[in-house]
Amino acid sequence: MSDTQQIEDRGGPAQPLLIVKGLVKHFPIGSVFTGKQVVRAVDGLDFTIDKRETLGIVGESGCGKSTASRLIMSLIAPTEGEIVFDGDLVGAAGGISLAEYRRQVQMVFQDSYSSLNPRLTIEESIAYGPKVHGTPHREAGERARDLLQAVGLAPRQYARRFPHELSGGQRQRVNIARALALRPRLIILDEPVSALDKSVEAQVLNLLLDLKEQFGLTYLFISHDLNVVEHVADRVLVMYLGKIAELGPVDDIFGRAGHPYTRALLASRPSMDPTRRRTQPPLVGDPPNPINPPSGCRFRTRCALAREICAEREPGLYEIGAGHQAACHATQADSGYGDSRRLAA
Amino acid sequence: MTTTYSSGIAEDAAPPKVAENDDTYWRAVGRRLMRDKVTLFCGAILMLMAALILFAPLVAPYGPTDGSIVRRLKPIGTPGHLLGTDELGRDMLSRLLHGGRYSWFVGITPVAIAFLVGGSIGIIAGFAGGKINMAIMRVTDVFYAFPSVLLAVAVSGSLGAGIANAIMSLTIVFIPPIIRVAESVTTGVRNLDYAEAARATGAGARSIVVVHILPNVLGPIFVYATSLVGVSMIVASGLSFLGLGIKPPDPEWGLMLNTLRSAIYSQPMIATLPGICIFMTSVCFNFVSDGLRTAMDVRA
Ligand SMILES: Nc1ncnc2c1ncn2[C@@H]1O[C@H](COP(=O)(O)OP(=O)(O)O)[C@@H](O)[C@H]1O
Ligand code: SF4
Ligand SMILES: [Mg+2]
């Protein structure tokens, strides 16, 4: 099959584009002194992404967002878990091959400079993927220039430039064009605007939203900035220490957050709106070490509502609204939380 | 597909800083080098030396071993002997010119071989990662544990004197450090996002190495290798000085330094001339290597 064709929708609109099941990544680390240990970077993720939606993933630095994106991109092998793309199991007999999957899923990284080979021109960088997949050089070059146009960089001016000659925002546009070059259906954006100035950030976000419409894309949008996620996401997944804390539609997460962690994150963000009252204590301290996460609920060491039950039993992901789930005992009447005593700090 | 949309024209799309439209990486490096006076000066000295040494038989007024005991240890400026004569009455200028051929050859050859061998091994280790990397790097560490001069003397001593053995021992000395540098540079590049992005397109290892790894690691490894030429010349001279390298009457700078030892009080200027040559060459190589490294760091 020529890679110039847009891949058709196989499973139909109701079939989620991506299903992530029980995704786990433990990095073994070990020294002579400490013995064998593992970093529980991603520790059991289950979620789906519908066609043409944007799923935002938020969480503090080190909670496993990048690891999750690299797992989904299959740049690293999972310790456990599987990925289903448009109804087909990835990399399994009878499913979708890794090569085919990689054509349909592309990624944009945070650091616009290190994502581009300094020795290649902008056009060469964008055309590289199509060439790898057998597109003739001329055609790949043409597509690269079309894409430069689509991301707002005049091809005549930029195609033959080298990355160091461009600004951060321009380079990130090039990275977006590069990700589009294989006509993917899903694009993973790992903090794509976090390294950019605020004014440039808004332009790139709007570009991403436009491109999504034009090309019928689905986004997995990772950020530690809640304002950015609120702006672009349809649904939001809140991650804490490798696990899902809360998952739901963007309005529910920002308006009716059920998890104390989400509420603390919301309370901590710098607000443009002085009338927004702080009903929650903002987040304090740093997350615990993912080598040795707390027993029970992982958030209990920083949670103002923590009780004994929280240290004893790990909360499940409870349904607290339509398509809205939170992993917290306090949200459940029958979890035993009501009868439990406050956790001594 | 022909995309005619141009959504969200970049407001930060200031025209790129560089005016020419065909600016390649190496042209940018060249332009930076042209602005670096120290590197240019040292490079010019090295070129001049290389030319003089290369054409030594034409340039030198005498043969390297022609001499007469009656004319021994004439001072610098003696008519017919611009740089005087040595302890056996041989013309110093002629001997230095011919000696440079040996010194440069013994200095550069081991580094060149080590660059090819060590560079390849290091790049393989860095790209392969995992167990292969571990195995290669542990073996390298064993060699690395010895001080380089000691290792060179030990290997040379056990192989015996002679130019081939000196080169062999120096090559063995320089392979481990080059492996280390090549491995760390390659590992660094392999983990950069553009290498990951290339993997994410589904490109094979061969394409990734050729397009993304080699062009970005060869420069830094080469620059490191040039910084070793100075050391190599000094150690090679040291071996000759100890009687382990080139044998008399061949004129090698280190060896000349050795045989002129006895004249250090009567003709100190003449006795130190070979040392000055060694020093100048190695310092110039280091400056040029430094300048290259700076010029190649385009991001700065
Ligand atoms: N290759 C690795 N080896 C060991 N630990 C790792 C590796 N990659 C990431 N980690 C650890 O996994 C955790 C999650 O990292 P990451 O996914 O980069 O978080 P985020 O992107 O949310 O900031 C961190 O504690 C990090 O130190
Ligand atoms: S389960 Fe307990 S500790 Fe965890 S978030 Fe809910 S109340 Fe806090
Ligand atoms: Mg990250």
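The values are calculated or read from the model by the stated rules, or taken from the named source; none is laboratory data. Keep in mind the model is a prediction, meaning the values are calculated, not measured. Please note: Cβ atoms are built from the backbone with ideal geometry, for glycine as well, and neighbour counts cover all protein chains shown.
Here are a few things to note about the model shown:
- Residue that is farthest from ligand 1 (Cβ to nearest atom), among those in the range A:45-68 that are outside any strand (DSSP E or B) and acidic (Asp, Glu): A:Asp50
- Residues satisfying the stated conditions in the range B:67-87, i.e. in contact (Cβ under 8 Å) with a residue 24 or more places away in the chain and either of a type in the set (A, V, I, L, M, F, W, C) or in a loop (DSSP other than H, G, I, E, B) (or both): B:Leu73, B:Pro75, B:Ile76, B:Leu83, B:Gly84, B:Asp86, B:Glu87
- Only one entry in A:Arg277, A:Arg300 is more than 16 Å from ligand 3 (Cβ to nearest atom) and modelled with pLDDT under 90, namely A:Arg277.
- Flag if A:Ser61 is more than 16 Å from ligand 3 (Cβ to nearest atom), more than 14 Å from chain B (Cβ to nearest Cβ), among the small types (Gly, Ala, Ser) and within 29 Å of A:Pro293 (Cα to Cα): no
- Members of the range B:235-264 found to be in a loop (DSSP other than H, G, I, E, B) and within 9 Å of B:Tyr102 (Cβ to Cβ), listed by number: B:Gly245, B:Ile246, B:Asp250, B:Pro251, B:Glu252
- Test: A:Leu71 is within 14 Å of chain B (Cβ to nearest Cβ), at pLDDT below 95 and either more than 9 Å from ligand 1 (Cβ to nearest atom) or within 23 Å of B:Asn191 (Cβ to Cβ) (or both): no
- Test: residue in the range A:132-142 that is among the hydroxyl-bearing types (Ser, Thr, Tyr), under 20 Å from A:Arg119 (Cα atoms) and away from ligand 1 (no atom under 16 Å from the Cβ): no
- Pick from the range A:318-342, criterion among the aliphatic types (A, V, I, L, M) and buried (at least 18 other Cβ atoms within 10 Å of the Cβ), ranking: farthest from ligand 2 (Cβ to nearest atom): A:Ile320
- Pair list, Cβ under 6 Å, 6 or more apart: the range B:191-206 residue at the interface with chain A (Cβ under 7 Å from one of its Cβ atoms) and part of a loop (DSSP other than H, G, I, E, B), other residue among the small types (Gly, Ala, Ser) and crowded, with 24+ Cβ neighbours inside 10 Å: B:Thr201/A:Gly129
- For the range A:170-223, filtering for residues that are within 16 Å of ligand 3 (Cβ to nearest atom) and surrounded by fewer than 20 Cβ atoms within 10 Å (Cβ to Cβ) leaves 2.
- Of all residues in the range A:317-329, none that is closer than 8 Å to A:Leu247 by Cβ and in the same structural domain as A:Phe47 (by TED's automatic domain parsing) has its Cβ atom under 9 Å from the Cβ atom of a residue that is part of a loop (DSSP other than H, G, I, E, B) and away from ligand 1 (no atom under 16 Å from the Cβ), 6 or more apart or on another chain.
- A:Pro287 closer than 30 Å to A:Lys36 by Cα and either surrounded by fewer than 19 Cβ atoms within 10 Å (Cβ to Cβ) or at pLDDT 85 or above (or both): yes
- Subset tally (residues that are within 15 Å of the chain's Cα centre (by Cα) and facing chain B (nearest Cβ under 10 Å)) for the range A:188-204: 2
- If only residues of the range A:62-95 that are of a type outside the set (A, V, I, L, M, F, W, C) and surrounded by fewer than 15 Cβ atoms within 10 Å (Cβ to Cβ) are counted, the one that is nearest to A:Met239 (Cα to Cα) is A:Glu80.
- Of the listed requirements (1) at pLDDT 95 or above; (2) surrounded by 24 or more Cβ atoms within 10 Å (Cβ to Cβ); (3) at the interface with another protein chain (Cβ under 10 Å from one of its Cβ atoms), A:Gln149 misses just one: (2).
- Complete set of residues in the range A:92-126 that are more than 17 Å from A:Leu180 (Cβ to Cβ) and either more than 10 Å from chain B (Cβ to nearest Cβ) or of a type in the set (Val, Ile, Thr) (or both): A:Ala92, A:Ala93, A:Gly94, A:Gly95, A:Ile96, A:Thr121
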